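Some notes on the structure that comes next.
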4 protein chains.
Amino acid sequence: MKILVTGFDPFGTDKINPAIEAVKKLPNEIEGAEIVKIEIPTIFNKCAEVVHQAILDNKPDYVLDIGQAGGRFALTPERVAINFDDGRIADNAGFQPRNQPIHEDGQNAYFTQLPVKAMAQAVLDAGLPSYVSTTAGTYVCNHIMYQVQYMIDKEFPELKAGFMHIPFLPNQVVARPDTPCLSLADDVTGITAAISAIVKQDGKGDIEAIGGSLN
Amino acid sequence: MKILVTGFDPFGTDKINPAIEAVKKLPNEIEGAEIVKIEIPTIFNKCAEVVHQAILDNKPDYVLDIGQAGGRFALTPERVAINFDDGRIADNAGFQPRNQPIHEDGQNAYFTQLPVKAMAQAVLDAGLPSYVSTTAGTYVCNHIMYQVQYMIDKEFPELKAGFMHIPFLPNQVVARPDTPCLSLADDVTGITAAISAIVKQDGKGDIEAIGGSLN
Amino acid sequence: MKILVTGFDPFGTDKINPAIEAVKKLPNEIEGAEIVKIEIPTIFNKCAEVVHQAILDNKPDYVLDIGQAGGRFALTPERVAINFDDGRIADNAGFQPRNQPIHEDGQNAYFTQLPVKAMAQAVLDAGLPSYVSTTAGTYVCNHIMYQVQYMIDKEFPELKAGFMHIPFLPNQVVARPDTPCLSLADDVTGITAAISAIVKQDGKGDIEAIGGSLN
Amino acid sequence: MKILVTGFDPFGTDKINPAIEAVKKLPNEIEGAEIVKIEIPTIFNKCAEVVHQAILDNKPDYVLDIGQAGGRFALTPERVAINFDDGRIADNAGFQPRNQPIHEDGQNAYFTQLPVKAMAQAVLDAGLPSYVSTTAGTYVCNHIMYQVQYMIDKEFPELKAGFMHIPFLPNQVVARPDTPCLSLADDVTGITAAISAIVKQDGKGDIEAIGGSLN
């Protein structure tokens, strides 16, 4: 089995992005699955192209995109991507979409094929905070998650894909009082645990754990 | 113009639900629009039926569902409803769905027809915290928002509908330390402001404000 | 019985201070006690002088100072004032002390004579969030609380005094996302409840409720 | 120079306490100072006796007590200890004091002799969140900080001492949603940085950084 794992580069006022830093430190093999790692740009109109080429080059069974979720306390696998771009800030190319669909001929939303409850449980079992999120936002993170799902819909029907958000690193919150963080080592441990769950649940669907969010 | 506004009854460990309390106190007319108010049960398999009957009875131009979002700091119009039920707790009929689609023949998600950015801006202009949310959760709030959208898709193509979450009331956080709340009077002011925005934007779509969430 | 209640004027970037706004709206009599209300300036080197004169003029049995605690979720009676000025921002006269004792001949700290647990319980009973705080900070709030205690120590041994912090108002958090607030009406209700507790506990000391903070 | 560093054992519902875990992992020498490490019990009536004996045995120049502050986001050197015990929960001996002074003949509060602003700055410079706190609570953490100051007041006038709180570990927040944490490795880095600042500022007092808290 082959799993393509992507990580965004830094954006906004941050000089570092935990996503690509953690992805770079992942082992090359997890539970027998080969891990292929790539950096992708925090650019709406370019990130999908980079992932698309990597899918063509590597023919992975799974794609897992990793992104930074500043302000979240936990590692959060995402359940759904929506057909909507709306930038609170400009991306690294200076582009700031407003209220725009990503693909006119795409579904309103796509659900991930990943076993998100099993992934969250595996992260918790590794001693780290985690829960399944039902929003990836409206910035590049939701964008790339949606774009890969759109590729599955139109071009790679066998592929399975999803997204996981991770918190700020400690050095990112030095000037952001009362903001949660997680260390890079913990990010690596957590992502590795989540990927282990993907491998173990392969072909079995997700677990039936109690979850959901009231709002 | 006629606007049907619904509010859920209390659920879980709470004896009160700010949603129905605020809805009951709304004026009967806002910016010239007639406001029809109904209480709906916090029951997955019943709330849609009640709203459906109210739509048939009242033939509204708009439906706005109001629900409690414990833990949120702001009044939050919702952008999207997803085809997914997953109960962290049982509903008022003791039913607790897990990982279930709401309608097999429904879209993965539906976007609201309401001008959510204009609604949030109107609430802010009224001196209250607000932002557009991109998740209504996976409990009855998302469920009813999705169900009304499904009705629009299948039966009422002219109808426009959406959802707004509101925080806990102060007396709900007496035993929940460090949890945000908003007073009932502020809820009424905020919902009224949001409805005013719906009326004013009728036929014009949403405003182009900067918004979106990074995650 | 006579109770002098003081409220600070606005400071920093805020055009309004919930403290003086709430104080102005208090009833003139609570549980039979006469309530005397004054506004005091957010100025280290002036606020104590204003309160001192008001004590001489009014000869109150109690002094209760009210101040804004941006970021707190609850109405919080303060247990202790420390002999230390340290301004994160300048006061309204442009003065920003660093690491300075308030009075060289004062105690390191003074405990309030007010029944703070009874006050917090009364606020909770009124349906509003409350707990006893063990820090009034190092800005003008701690300063005035300390100064009045110093006056008790040196000049008015019969006087009893204390401080209560209150959260931001809703309109103060419109541009401060994810920040708690409380309405002015709730502030008035909460302060009134706390003062009622002061009157009822007069001569009896505080209640023995479980309280305290782990850190 | 010799520095005695103490860490509390686990208490309440937790099986682990980051304080003693981090203390055990500190280097034996920091900036040339010898580090002596001891575990102390989370017991009001015993912890001071253990530290007192360790002071007699080791004759340290400094004592730094480390304790857990569940819910805090940062490593927080404490400025002041108050003469007040009030247990929200019982200690490890089942004792739960209410509204009690620690020493009838002690000061109302004692300020630390440690350069707390320099310590916080050193932690920030190490890439970790930190600020100076003005409350150590009313549980055993404040108790031991006060007790050591009382010993300085009555018995060891040359000794300098203080306290630093550290957040939950990641595995402690697995079942505490939306609660901040810090890794054990980061705790060790942060405490080491704080101790380095103590050594470097020895004989120089604290730095004049802007600090303080508004409330």
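General observations
- Checking each residue of segment B:196-204 against the condition of being aliphatic (A, V, I, L, M), under 21 Å from B:Phe84 (Cα atoms) and touching an Asp or Glu at 6+ places or on another chain (Cβ under 9 Å) gives no match.
- In summary, strands (runs of 3 or more DSSP E) completely within segment B:1-90 and bearing 3 or more residues that are over 12 Å from the mean Cα position of the chain (by Cα), of a type outside the set (Val, Ile, Thr) and away from chain A (no Cβ under 14 Å) occur at B:33-40.
- Residues being surrounded by fewer than 21 Cβ atoms within 10 Å (Cβ to Cβ), within 18 Å of the chain's Cα centre (by Cα) and not in a helix (DSSP H, G or I) - total across segment A:159-201: 2
- Single match in B:Val36, B:Val23 (criterion: surrounded by 15 or more Cβ atoms within 10 Å (Cβ to Cβ), modelled with pLDDT of 95 or more and either of a type in the set (Asp, Glu) or within 18 Å of B:Met119 (Cβ to Cβ) (or both)): B:Val23
- Summed over segment D:91-127, the residues that are charged (D, E, K, R), part of a helix (DSSP H, G or I) and buried (at least 20 other Cβ atoms within 10 Å of the Cβ) give a count of 1.
- Figure legend. Inter-residue proximity from segment A:155-177: first residues closer than 20 Å to A:Val36 by Cα and touching a residue at least 60 places away in the same chain (Cβ under 8 Å), second residues part of a loop (DSSP other than H, G, I, E, B) and hydrophobic (A, V, I, L, M, F, W, C), beta-carbon distance below 8 Å, spacing 6+ or different chains. Indicated pairs: A:Lys160/A:Leu114; A:Ala161/A:Leu114; A:Gly162/A:Leu114; A:Phe163/A:Ala136; A:His165/A:Ala69; A:His165/A:Ala136; A:Ile166/A:Ala69; A:Ile166/A:Leu182.
- Some residue of segment D:116-132 being over 30 Å from A:Leu214 (Cα atoms) and in contact with a Phe, Trp or Tyr (Cβ under 8 Å, 6 or more places away or on another chain): yes
- Tally of residues being assigned to a helix (DSSP H, G or I) and not acidic (Asp, Glu) across segment D:135-158: 14
- Qualifying positions in segment D:91-128 - aliphatic (A, V, I, L, M) and within 7 Å of chain C (Cβ to nearest Cβ): D:Ala109
- Only a single item in (1) in contact with a helix residue (DSSP H, G or I) (Cβ under 9 Å, 6 or more places away or on another chain); (2) farther than 27 Å from C:Val199 by Cβ is not met by C:Lys160, and it is number (2).
The values are calculated or read from the model by the stated rules, or taken from the named source; none is laboratory data. The structure presented is a predicted model; accordingly, all values stated were derived computationally and were not measured. A quick note on method: Cβ atoms are made from the backbone with ideal geometry, for glycine too, and the neighbour counts reach across all protein chains shown.
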